[in-house]
Structures are given as structure tokens and as C-alpha cells.
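For reference, the structure is listed below as C-alpha cells.
The values are calculated or read from the model by the stated rules, or taken from the named source; none is laboratory data. Since we're looking at a predicted model, the values are computed, not measured. Because the Cβ atoms are built from the backbone with ideal geometry, glycine has one as well, and the counts that use them run over all protein chains shown. The area values use the complete protein model at the heavy-atom level, side chains included, leaving out ligands, DNA and RNA. Shrake-Rupley method; radii C 1.70, N 1.55, O 1.52, S 1.80 Å.
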Amino acid sequence: MAEFKSEIKDGIHIITCPEVLESIGESIEANVKSWLIMDNHIHVLDFKHVLDLKQNAYRPFILFNQKLKANSKKLFCMNIPEKMIPQMAQEGLAQVFVLIKSLEDLKAGAKPATGKTAPNRLALDVEFINPFIHATQMVFATQASTPLKAGKPYLRQPNENLPMEIAGVISLTNPAFTGSIALCFQAKVFLKIYENMVGEKHEKIIPEIEDAAGELLNIIFGQAKTILNDKKGYALEKALPTILAGEKLTLRHSVGPVMLLPFESEAGTFHLEVVIEKV
Amino acid sequence: MYNLATKVLVVDDMLTMRKIVSKACKDIGFTSLVEAADGQKAWEIISNPEHQIGLIISDWNMPNCTGIELLKRVRGDSRYKILPFVLLTAESEGAQVAEAVKAGVDNYIIKPFTAEILKKKLEEAHAKTSKRTG
């Protein structure tokens, strides 16, 4: 039987998973039954020891998540090995294994579920921002072979203009707010990421390669939107990206605070801007 | 797996993504590829008998004619009811996946993806198509 270690920290139920996650004879189901009768509202699966996630383990965790959700409880995951992230995304498990960076991150942003969904609300908070951070890391690691380190998000100062030569921009629309997200690069960073992504080396940004900024943002938006709509009740609508390119490019978003999410990579630093305003 | 001489149509409005998919197909061993930048142009290629398309890999979210509209158009034509069709999508919302399955998609690939994932998804699509055609 797979051996899970179960402990409570600050009211959060932490489940440390074994090296190989597989369900032999209903081994995971038996554990799930015992976890479901616990009073804790938040359960966290810690993948720090996991080396292999077998397909037969998906179903018990999907059911675990569904039953928690039905009882206004939440399931999160942390320390998922980088190599498993594409597997989870591809198998549609991103909604089951909602990734958090750490327990501190969770304590700062997540509260026990109340059973109410949060459709159409206006909030530039951790719940809204985190899916974009996680999606950006996953998309760059998988599609561009570029692992990222996320920096601390902050509100952009009125006169702060970070250098950029290319940006992909997508409009955010739901019944309660509008806004936009923008993925912004300096040329040298974009060119290196493009090389990692497509295998072509370019000395400067030419029209034929500009759409990569939009495509990366499109995939990030798709991943984040799935979590925000399916899991958190936002009703974000589909949108196509546009691309802006030029020397000393500056973005003028509509009114509203601009949240800036910085990322570091071996190709250099770049950032994502998120801005929303009430309709 | 598909016969590697099968002519593959790669449909995406983003040139970068067409390059990535085409390169992955070439790495798998496909020798004949053609590209289209939207569903409308793709339909013109599919319905041209000179091309003899044997596999379609199409993006979902495109201007003019989307991937799901192209799929419905293809499945609505008796000549292409069993033409293998794989959708590429950046979104995995339940309702969207259900719509694709209902429309007759052979498999779908959620972006981001690696070349290995593309190969695995094409193998799954081939197994499904083979089962359907007996």
C-alpha cells in the first residue's frame, strides 16, 4: 500500500505523498476515505518525495477533490517536480492539483471555502494573480524549455517604465470588469526564448517571429482562465492576443492599478502586467 | 501510428506554432506537410482533391474560422467523416472539451506541449481512428 504521511499544521491537513503514486487494489482510495472524514477545510498534497505519478492514481485524487469541493473544502498541491507539470497539464489535472508555492503562500492568500463561488468579482488579489504566475512558469518550462523563477509581484509605480521592445497583450473581459494582461520582453531576452522555443536563432526581432510573444501569452491566458473559470467561478471570456513591438515601447493600460509580475530565467528577466478595472 | 507518408495539414494563425508543430511532425517522420493560417484556408486545402490530406492538426482559437468550426465543417461533409482530426488548444475547460468530443474530434492536445506529447497524442488518435474504421 502506498504510504502517505498525514499531519496537521495551523489547521491545514498536509499529506506527504510516497515516491511512487499509484493505486494498487484501492490503496489510495482507502487513504482518501480517512482524509474525507477530517474536519479540516484545507488539504495539501506535498509531492516533495514523488518520483512517479501513475495514471491509475488520477481517479482517486479526482474523486477526492470532487468530494472536498462538494463539502466546501479545498485541495492544493506543493513541491510538484518540474518534469511532472507537463504531464499534469496534458492530462487535464491542473484543476485537481492546484499548485501553491508553499504553506506560507497558501496562508497568505487562501481561506477556507465558504461554498460560494466568486463569479464576476473585481479583485487583483492572490487568488486572481497566482494562476497567471503558475501558468507562466509551466508554459515557459514546457513550450520554451526555459525554467523560470517568479519574483515578488508588486504594483507598478505611475512613472515606472521598464525597458521593453516587444509585448503580447490580451484583453480581459467578464461581466463585472475589463482589463488586460501583457507579456513584456526586452529584445535580447525575447530572442533567446524564441531560440529555445523554435530552434531558430535571430539577431533582431523581425515580423516573422513577433507572434511568439502573443502565442506564449495566449497559452498562459488559456491555462490561467481554465483555473479561474472552472475552479474559482470567474467568467473570463475568450480573447485573441495582439502584439506590440518597437524600440522604447511603453504600455499605457486603461485606468486601474497595474500589477507587475517579474520573472527570472537564464535568458534574462521579463515581466507580466495585469490590470483590471470595474465596468 | 499513422503511415508516415500521410499528408498532414497543420492549421494555426500563429506562424511560430505552425513551425513548432511542423518541426515535431517532421521529427516523428512525416514527410509531407502543408500549413494554413486559419480554418477557412484549411477548408480550401482539405476540399481540394489534389492535396489528399490524411491528418489534420488544428488550433482551436483562430480568426475567421475557428478550429471547432472547421471540425464541424469537416465532419458535416460525408467525404471527410473519418478524416483524422486533432485539435490543439490552450484551454482545457470542461465544456470546451465536451464540445470537441461531441463534434467528433479524434484527440486534443492542450498547449503547452512537448514533441513527445504530440507523438503520444497522435498515436492515441490513430488508435481511435483505427477502431472507428474497423
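To the nearest 10 Å², what's B:Arg79's accessible area with a 1.4 Å probe?
Accessible area, nearest 10 Å²: 150 Å².
Using the 2.2 N^0.38 Å rule of thumb for compact globular proteins, work out how region A:1-93 stacks up: its C-alpha Rg over that value, please.
Against the compact-globule rule of thumb, the ratio is 1.01.
Taking 23 Å as the cut-off for C-alpha to C-alpha distance, list the pairs among B:Lys26/B:Lys102; B:Lys41/B:Lys81; A:Lys54/B:Lys120; B:Lys81/B:Lys111 that go past it.
Listed pairs above 23 Å: B:Lys26/B:Lys102; B:Lys81/B:Lys111.
When we measure straight from the Cα of A:Lys33, which aspartates and glutamates land under 20 angstrom away, once same-chain ones fewer than 8 places off are left out?
Result set, ordered by chain and number: A:Glu3, A:Glu7, A:Glu22, A:Asp46.
Between the helical axis of A:27-36 and the dominant principal axis of chain A, each derived from Cα atoms, what acute angle in degrees is found, rounded to the nearest 10?
90 degrees
Convex hull over the alpha-carbon atoms of region A:143-275: what's its volume per residue in Å³?
That works out to 112 Å³ per residue.
Hey, got a sec? Which trypsin sites (Lys or Arg not before Pro) in region A:154-206 land in a DSSP loop and have at most 10 other Cβ atoms within 10 Å?
A:Lys201, A:Lys204
Tell me the angle of helix A:126-143 to the major Cα principal axis of chain A, expressed in degrees between 0 and 90 and rounded to the nearest ten.
Roughly 80 degrees between the two axes.
Quick check on region A:174-223: what does the Kirkwood estimate of hydrodynamic radius come out to from the alpha carbon pairs, in Å?
Hydrodynamic radius (Kirkwood, Cα pairs) of region A:174-223 is 12.2 Å.
Under unit Cβ charges (Lys, Arg +1; Asp, Glu -1), what dipole magnitude, rounded to 20 debye, does region A:16-102 have relative to its Cα centre?
About 320 debye.
Using only Cα atoms, what Kirkwood radius does chain B have, in angstroms?
That comes to 14.5 Å for chain B.
Between the helical axis of A:58-70 and the dominant principal axis of chain A, each derived from Cα atoms, what acute angle in degrees is found, rounded to the nearest 10?
Computed tilt is about 90 degrees.
Of A:Ala239, A:Leu191, A:Asn229, which is farthest towards the positive pole of region A:146-279's charge dipole, taken about the Cα centre with +1 and -1 on the beta-carbons of Lys, Arg and Asp, Glu respectively?
A:Asn229
Any chance you could tell me what percent of the C-alpha pair distances in the protein assembly as shown go past 31 Å?
Considering the protein assembly as shown, 42 percent of its Cα-Cα pairs are separated by more than 31 Å.
As an exercise, identify the GluC sites (Glu not before Pro) in region B:1-77 lying in DSSP coil whose Cβ has no more than 13 other Cβ atoms within 10 Å.
Here the sparse-neighbourhood loop sites are B:Glu50.
May I ask which residue of B:Gln96, B:Leu70, B:Ile117 lies farthest towards the positive end of the charge dipole of chain B, with charges of +1 (Lys, Arg) and -1 (Asp, Glu) on Cβ and the Cα centre as origin?
Going by the Cα projections, it comes out as B:Ile117.
Take the residue pairs A:Lys231/B:Lys72; A:Lys69/A:Lys231; A:Lys67/B:Lys121 and return only those whose Cα atoms are more than 19 Å apart.
Going by Cα-Cα distance, A:Lys231/B:Lys72; A:Lys67/B:Lys121 fall outside the 19 Å limit.
How large is the accessible surface of A:Val189 in square angstrom, using a 1.4 angstrom probe and rounding to the nearest 10?
0 Å²
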